[in-house]
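The values are calculated or read from the model by the stated rules, or taken from the named source; none is laboratory data. In this text, all values refer to a predicted model and were calculated from it rather than measured experimentally. Because the Cβ atoms are built from the backbone with ideal geometry, glycine has one as well, and the counts that use them run over all protein chains shown. Accessible surface areas use protein heavy atoms only, side chains included; no ligands, DNA or RNA. Shrake-Rupley method; radii C 1.70, N 1.55, O 1.52, S 1.80 Å.
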Amino acid sequence: DTPLLAWIPERQAFLDETLRLEGRGSPGSPCCCGAAAPLFRCRDCFGTQMFCHECMLNSHTYNPLHRIDMWNGSFFQRTTLKQMGLRVQLGHHPGEKCYNPQPSSGDDFVVIDVHGVHEIALDFCGCASAQIRYKQLLRTRWYPATTSDPRTAATFALLEHFHVLSFESKVSAYEFYHSLARRNNNAGLLDIRDRYSAFMRMVHEWRHLRQLRRAGRGHDSAGVNATTAGELAVQCPACPHPGKNIPQGWEDKVPLSLRWKYALFIAIDANFRLKRKAVSSDNVDPSLNSGWAYFVEEVAYKSYLANQAGVKQDRSTCVSHNAINMADTKSSHGLAATGVGAIDCARHEMKLANGVGDLQKGEKYIGDAVKWKKQHGEALAELERTIQPTLIIQWRKEVEAWEEDSSQPNPFESRYAPITQSAVRLQLAELEARELEAGTNVSLHTDISPSRLITTGIDLQDQQQRLKLDIANASLHPTDKQKTTLQTHITTLQRRLDAWARIQELYMPAVSQLRHRTSNAGVSNTTELKPEDFKLWLPSELQPTTLCDHRLAVHEWELRHAQALDALNEVRSHLRLRSHIYIYKDRNVRGQAASTRAQALIGSVELRKQASVDKYRRARNALLALSHRLNKSGWQISLPPLLDSDVRPMGDMERQGTGTISWIWLDSRADNSSSENERVQDCVRVEWCKARARMSRWSEEVELLLEEMRRVIEFLKW
């Protein structure tokens, strides 16, 4: 039986025992001193024995914050040790007499502990050798709320408890304090002693003291005020720190090819939603760190911002990263800060010392690495088995030459396939630049031009197709990591689509009505994000009768025409590569394991080939729709429909004998100056360069992680 099933038959007994604790248990039992009919018991001491008044006080000399119940003849009612006459004496050992006790102000002292909020009768020591009052409290492990005439304190145990709880459970200080208060009285019949502000102040000071202790500032003879900028920040132990965890003189001793291991990887990030209201002042709520930890020193920082007030900020030209551009448009009324900007350790996400500042208007794994290194290494080895060793030697020299000198020919680029779509994008950008210079530019957005709007829309459409493929290929029982990765792709694409759609409505106002109709029709009335089905309403997706800027339609026509040509080049490249691997497999591969690996390689090429086929078909359908709006004709001759039967290698590449050659190989724009064998070799070379780069990337990752692990140990030793 499971533990729960075994408990069910004993449920009544458990209930009876908990109810028994509400009564006296064994009535008539005397106190430990022999006194009859004791009336008091402690809720926090071990056991349920009842005591007389005098024994209860004597037994709680060392436990003055325990909660006491008193039997009134019918039931237990709450009482306190203060009401019973217990006085807590500071400055002496418990039970030791003080010859000059001085009660706290108003004889009303409150101590906040993990058991609740307690009212106690407290006497400070007034002897000649007595310490100042706040020190008397600290030496009994009670933290005073003020330095002068303290009337409230929190136990060290409580502050330690909340410190950990706030990190692990993210509980707020408000909820935590009121939960403690309810432990004294959960019926709401008594007023809660309001010490919330004092509690917040004590927590603030406590955490600051922990920072100082952690940084060793308590042992510096120069004192706390000698703390230097950023000294209290917790440094990333895996990052390189000269003199701490990397070799002395590494600049001279380490070869140039290995110095990358000692580089510091940093990233800049900002949060425009983390606002701080202007509800206080530096006199009421002063900074304790003053640039000693993560935030920069405020006076110098604000002085710098004041000097930069008239400098125009650079704006991002990426529609998917519009947060910075929109930051200045948001209201900052009543805010001391509209966000936070930070410099992070990019590999381990730790904040750098003095790397955080308020915004004044305006935004892990040695096991995942070894696995990927192994997989990409095997993929490269499998591909190299299909290639002549002399070619590999030649290509390796070309890659290494390009890595040393980027002015050398890029081996990752095909030497035959023209990059037509990129060329068209460049031509459109240059045309708009000339129009801007001549004063004839008609852009409605300061950063997104008409051609960039269409270009980005086509890119988003491609991303939608990739997301659909990822969703279709997802496992029926995905892991949490796979779910997280897919959800991240979904939300990221949705944000990009939303940002793009807002700008699109400037250039294409009719789209706003179309989206509104679609929404009313119930197409998008679900709370589930489905960015892959988001209708972009590019000019090619509009009805011929729907108004649309002629220039936008022309831009899409030119880009789609180039996209179709690019897609054909990709299809031909993938077919050549697939044929090359098929021939090698038939001639050389033997055994189930080797055949499985080769088949997996062919499958990956097949997926990329099909994606290029789908891209061509989308481009051609868009051209077909635009041709009616723009009165275009004759283009169908060079870009006919691409049937599945058309997607096949050239003639004898798969030993098809006398089979006819598909029209995709007869394109008049194709470069026929080289033999088909040279083109196949070119495709294989590009694929080999990519496979080698992936394997090298993960090899470097493993090497870097091992170095970081070594640095962590050395840093902790330091």
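Each residue of the range 341-354 is assigned a 3J(HN,Hα), and the resulting list reads x, 9, 9, 10, 6, 5, 8, 10, 6, 9, 6, 7, 4, 6 Hz, derived from the Karplus form 6.51 cos²θ - 1.76 cosθ + 1.60 (θ = phi - 60°), x at Gly and Pro. Given a cut-off of 24 Å, name the pairs among Lys275/Lys351; Lys244/Lys481; Lys261/Lys351 whose C-alpha atoms lie farther apart than that in the structure shown. With Cα atoms farther than 24 Å apart: Lys244/Lys481. For the range 379-404, backbone nitrogen atoms closer than 12 Å to the point 7 Å from Asn588 Cα along Cα-to-C-beta are found at 381-392.
A probe of 1.4 angstrom, applied to the heavy atoms of all protein chains, finds Met84 with accessible area near 10 square angstrom.
Sorting Phe162, Phe295 by accessible area puts them as Phe295, Phe162; the probe is 1.4 Å, largest comes first, and only protein heavy atoms count.
For GluC sites (Glu not before Pro), the sites in the range 9-54 that DSSP calls loop and that have at most 16 other Cβ atoms within 10 Å are Glu22.
Close amide-amide hydrogen proximity is noted between Trp292 and Gly230, each under 5 Å apart and 5 or more residues distant or on a separate chain (H modeled in the peptide plane; Pro and chain starts excluded). Only helices enter the 222 nm calculation for the chain: every DSSP H run of n ≥ 4 contributes -39,500 (n - 2.57), and dividing by all residues gives -15500 deg cm²/dmol, rounded to 500.
Ranking of Tyr584, Tyr177 by solvent-accessible surface, largest first: Tyr584, Tyr177 (1.4 Å probe, protein heavy atoms only, all chains present).
Between the C-alpha center of the range 172-227 and that of the range 561-607 there is a gap of 65 Å. Counted over the chain, the DSSP beta bridges are approximately 80% antiparallel. Between the entries [x] 71, 32, 31; [y] 65, 28, 25; [z] 42, 33, 27, the label attached to semi-axes √(5λ) of the Cα gyration tensor in Å calculated for this structure is [x].
Counting Lys and Arg as +1 and Asp and Glu as -1 over every other residue whose Cβ lies under 13 Å from the Cβ of Leu444, the net charge comes to -1.
Working ranking of peptides 381-388, 296-303 by packing, defined as the average number of other Cβ atoms within 10 Å per residue, highest first, is 381-388, 296-303. Ligands, DNA and RNA excluded, the heavy atoms of His445 present near 50 Å² of accessible surface to a 1.4 Å solvent probe.
In this label model, His163 and Glu251 are separated by 3.9 nm, measuring between points 7 Å along each Cα→Cβ vector. Note on Phe14 and Asp1: the extension gain reaches 2.8 nm, defined as 0.36 nm multiplied by sequence separation minus the Cα-Cα distance. Listed by chain and number, the lysines whose C-alpha is less than 17 Å from the C-alpha of Lys468, apart from same-chain residues fewer than 8 away, are Lys483, Lys530, Lys535, Lys609, Lys615. Beta bridges from DSSP with both residues in the range 25-215: antiparallel share about 75 percent, rounded to the nearest 5.
Rolling a 1.4 Å probe across all protein chains gives Val554 an accessible area of roughly 40 Å². Across the protein chains, with a 1.4 Å probe defining accessible surface, the residues Thr146, Thr18, Thr545 rank Thr545, Thr18, Thr146 from largest area downward. Overall, the chain carries a charge dipole of about 680 debye about its Cα centre when +1 sits on the Cβ of Lys and Arg and -1 on the Cβ of Asp and Glu, all other atoms neutral. In terms of the mean number of neighbouring beta-carbon atoms within 10 Å, the peptides 472-478, 236-242, 29-35 order highest first as 236-242, 29-35, 472-478.
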